[in-house]
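Right, one structure below, let's go through it.
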Amino acid sequence: MKTYNDLETIERELKILDLEREIAWEEMKSIKEEYKQDLKPLNWVQSGFKIASKFGVMLLAKKIIK
């Protein structure tokens, strides 16, 4: 447990803790927004197209090699 010698130290420590709390809150809001973007249907469709195109290229390469 910290011991404080004067009021300035206490106020400084409280200001630091408040700023850390605000930073953490903004990070959580940012993470929430990222999840909202990731869960949009358009992103799922785009991911599906990417996977399908990779699979299609692989099958085409197999046919060309045979």
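Across region 24-55, what is the number of residues that are under 20 Å from the mean Cα position of the chain (by Cα), open to solvent by 100 Å² or more (accessible area, probe 1.4 Å) and among the β-branched types (Val, Ile, Thr)? Residues in region 24-55 being under 20 Å from the mean Cα position of the chain (by Cα), open to solvent by 100 Å² or more (accessible area, probe 1.4 Å) and among the β-branched types (Val, Ile, Thr): 0 in total. Within the set of pairs 6+ apart or on separate chains, which have a first residue in region 4-22 that is open to solvent by less than 80 Å² (accessible area, probe 1.4 Å), a second that is among the hydroxyl-bearing types (Ser, Thr, Tyr), and C-beta atoms under 6 Å apart? As it stands, the answer is ILE10/TYR4, since those pairs meet every condition given. Does region 38-54 contain at least one residue that is out of contact with any His (no Cβ under 8 Å at 6 or more places or on another chain), among the aliphatic types (A, V, I, L, M), at pLDDT 85 or above and in a helix (DSSP H, G or I)? Yes, some residue in region 38-54 is out of contact with any His (no Cβ under 8 Å at 6 or more places or on another chain), among the aliphatic types (A, V, I, L, M), at pLDDT 85 or above and in a helix (DSSP H, G or I).
The values are calculated or read from the model by the stated rules, or taken from the named source; none is laboratory data. As the structure is a computational prediction, the values presented were derived from the model and not from experiment. Here the Cβ is made from the backbone with ideal geometry for all residues, glycine too, and neighbour counts use every protein chain on show. In case anyone asks, the SASA skips ligands and DNA or RNA and just uses the protein heavy atoms, side chains included. Shrake-Rupley method; radii C 1.70, N 1.55, O 1.52, S 1.80 Å.
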